[in-house]
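The values are calculated or read from the model by the stated rules, or taken from the named source; none is laboratory data. From a predicted model like this one, the values you see are computed outputs, not experimental measurements. Here Cβ is always computed from backbone atoms with ideal geometry, including for glycine, and neighbour counts include all displayed protein chains. Ligands, DNA and RNA are excluded from the accessible area calculation, which covers all protein heavy atoms including side chains. Shrake-Rupley method; radii C 1.70, N 1.55, O 1.52, S 1.80 Å.
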Amino acid sequence: RCLLKMVKGNIVVPEEILSFCCNGLQGSTSPPRAREPGEREEAPGAMASPSPARNPTEVQMSQLVLPCHTNHRGELSTGQLLKWIDTAACLSAERHAGCPCVTASMDDIYFEHTISVGQVVNIKAKVNRAFNSSMEVGIQVSYEDLCSGKHCSICKAYATFVAQGPLGSKVRLKPLTPQTEEEKIEYSIAAERRRMRLVHKDTLKDLLTRSTQETELETRDGSGAVPAEKTRVESVELVLPPHANHQGNTFGGQIMAWMENVATIAASRLCHAHPTLRAIEMFHFRGPSQVGDRLVLKAIVNNAFKNSMEVGVSAEAYGQEMSSSPRHINSAFMTFVVLDQEGHPRTLPMVAPEPGDGERRYREASARKKIRLDRKYVVSCKQTEVPLSVPWDQSNKVYLSYNNVSALKLLVAKANWALAREKEKVRMYTLEEDKFLSFRIEMSVCIAASRAFSLLSNLRRRHEWDSHYVSAELVQKVDDDDMIYHVVSQKLRHENKPQDFVILASRRKPCSKGDPYVVAFRSVTLPTHPARAEFTRGETLCSGFCIWPESEEMSKVAYYNQAMPGYLNYVTTNVAGLSSDICSTFEACEKFLLKNKEDLISRLQD
């Protein structure tokens, strides 16, 4: 092809080379080879093996870690990794949007391992869900050792990107249709993660206000404490074209890399060693930065705990004169540890905060540590690793609500449900997994989905159709979407006492067309309602309703339950057809819905 371009450019090319080039492009002009007896003719493309369908937004990046990417220990710089993560995620977002995109926020990132020089970083990014003008991109990072063939996960991250049109205008995004089971799960839970991001700022402000009042400065002897001011770092960076995208906006990953650099210096000044970044808290970009800006980066150690420290970092943009008022670009909080030769965290010196703002940052860091632990403990771990009854308090209410709804959506999105029984309009399905037997029971009901949602989310009325419920007392109304009930149920077979539960009920309206109404239930622990001698305390890990509108007056109502060991005999008896109790209960649910629909119509007519 290059030779043909040279011909067009009036460059003389020998005729033999030109003839070879043309024959190579068009196929050999020699006669075809005669087939041997019994030899079959190959079908066109027979050598090509079919490849599985791939998500059109998926981007895969593989980077060989070179010495220029590493720190003094020969480990990949976290700042460099953040740049690669942001680049891969941005490319995935732009594949879906078809236009330039900018980083709006990044969720918590926990780094599980370090990566050494000579190893390969594999990054896979794809859009999980598109909303109006923003989209969530899921990123998975792993490393590969080329010599041993070992693969290991590094981190999983979620980033939000915003599509931008001409002059920075927002672009309305086309919806994304998930195909695989994994994509359907991520698509469903993305709406819940978005909800958590939107309330993150208010939740943090509320928690910090209460924690600031309760937290006292740690008692010190004063001899070993390092003044926080000694860890302060300030650095300036000039934004050049290589640091920006084709619109001239600074890459979010580049800003994160610069912030990680000054945060590492601040952490080093406290411990006089080389720290390792373990986590970055969820953060948002407040505004754009362009080529020519001067970015001033500031960092200071806010608090040091026994084995970790929090470093606060901020980035401000100035114009050429540096005399104009700064534009706040971003603030972040990073957690560092110092590892010994065996890879164990070392004990860190204490921090002595400056009066005023220093003490405020110190107390807020303590509050943020609790929030990070709650968020990691409840949100980040696998559903099967979460204790059944997590203690409920104001600091973890958002994350428990998230876990409650996302666990139900995860169960709904499973692909291996098998039809076990069908009785008239009621269909019962089961899902067998390693540790759980789950069941789903569904039917279509002539009622508007919004009305069914309102009736089924009120546990105080459940005894009207579910004979297993004796009573349900509303203990705490957390907000319009989350409520805590104390439920008393009938005695189980072979039990001489009734059961009671403390249940968090979380309800969600559809985020977009095609989404169901959701009512999720899980057990929590309340200090005001401990286990009592007259009851057997029961627990539920994951259960609830999903309601899909089929028309204006018709809905598909489905109930899901991840059966606990105490209920397995009851569930399997119904699945095997030896009892119809579950189907009968659901038929009673239908009658309850239809009766209350008619009552509503009568009241409206009156």
Self-check item: Cα-only radius of gyration and Dmax that characterise the range 438-486, units Å
Solution: 12.7, 32
Quiz prompt | Extension reserve of the Val120-Gln490 stretch, reckoned as 0.36 nm per residue once the Cα distance is removed | solution = 127.4 nm
Quiz item: Quick one: if you stick a label point 7 Å off each Cα along the C-beta vector at Ser584 and Asn416, how many nm between them?
Solution: 3.3
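DSSP loop (so not H, G, I, E, B), at most 16 other Cβ within 10 Å: list which GluC sites (Glu not before Pro) in the range 457-535 pass both filters. Could the numbers behind the result be given before it?
On the way: sites: Glu464, Glu473, Glu495, Glu534; in loops: Glu495, Glu534.
Hits after loop and neighbour filter: Glu495, Glu534.
Whole number in Å², please: accessible area per residue of the range 385-596, 1.4 Å probe, ligands, DNA and RNA not counted.
44
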Practice problem: Under 13 Å from a label point 7 Å along Cα→Cβ of Lys509: give me every residue in the range 454-497 with its amide N that close. | Solution: 454, 480-481
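Ignoring ligands, DNA and RNA, how do Met309, Met483 rank by accessible area with a 1.4 Å probe, largest first?
Values: Met309 0, Met483 40 Å².
Result, largest first: Met483, Met309.
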Quiz item: Given a cut-off of under 8 Å on Cα pairs at least six residues apart, what relative contact order in percent is computed for the range 385-596?
Solution: 25
Practice problem: Would you work out what percent of the accessible area of the range 56-186, with all protein chains in place, is carbon or sulfur (probe 1.4 Å)? | Solution: 53
Exercise. Compute the distance in nm between two label points, each set 7 Å from the Cα along the Cα-to-Cβ direction, one at Leu240 and one at Cys99.
Key: 3.2
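Give Lys83/Lys150; Lys150/Lys298; Lys491/Lys591; Lys124/Lys425; Lys369/Lys409 a once-over and call out the pairs whose C-alpha atoms are over 32 Å from each other. Walk me through the intermediate numbers first.
Numbers: Lys83/Lys150 24 Å; Lys150/Lys298 39 Å; Lys491/Lys591 25 Å; Lys124/Lys425 44 Å; Lys369/Lys409 29 Å.
Exceeds cut-off: Lys150/Lys298; Lys124/Lys425.
Under the 0.36 nm per residue contour assumption, what length would be gained going from the current alpha-carbon distance of Ser551 and Ser454 to full extension?
Details: separation 97, 0.36 × 97 = 34.92 nm, distance 1.72 nm.
Gain on stretching Ser551 to Ser454: 33.2 nm.
Over the range 264-319, calculate the relative contact order: mean separation of alpha carbon pairs under 8 Å at least 6 apart, over the residue count, as a percent. It would help to have the intermediate numbers written out before the result.
Details: 56 pairs, mean separation 18.8, N = 56.
Worked out over the range 264-319, it gives 34 percent.
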Quiz item: If you count, for each residue, the other Cβ atoms within 10 Å and average over each peptide, how do 63-72, 96-105 line up from highest to lowest?
Solution: 96-105, 63-72
Exercise. Specify whether the C-alpha gyration tensor of the range 385-596 places it in the rounded, prolate or oblate class, a ≥ b ≥ c being the square roots of the eigenvalues: rounded for a/c under 1.5, otherwise prolate if a/b is larger than b/c and oblate if not.
Key: rounded
Practice problem: Tell me the label-point distance for the pair Arg327, Leu594, using the 7 Å Cα-to-Cβ offset, in nm and rounded to one decimal. | Solution: 6.2
Self-check item: R0 of 35 Å, Cβ-Cβ distance Arg232-Lys156: FRET efficiency to nearest 0.05
Solution: 0.60
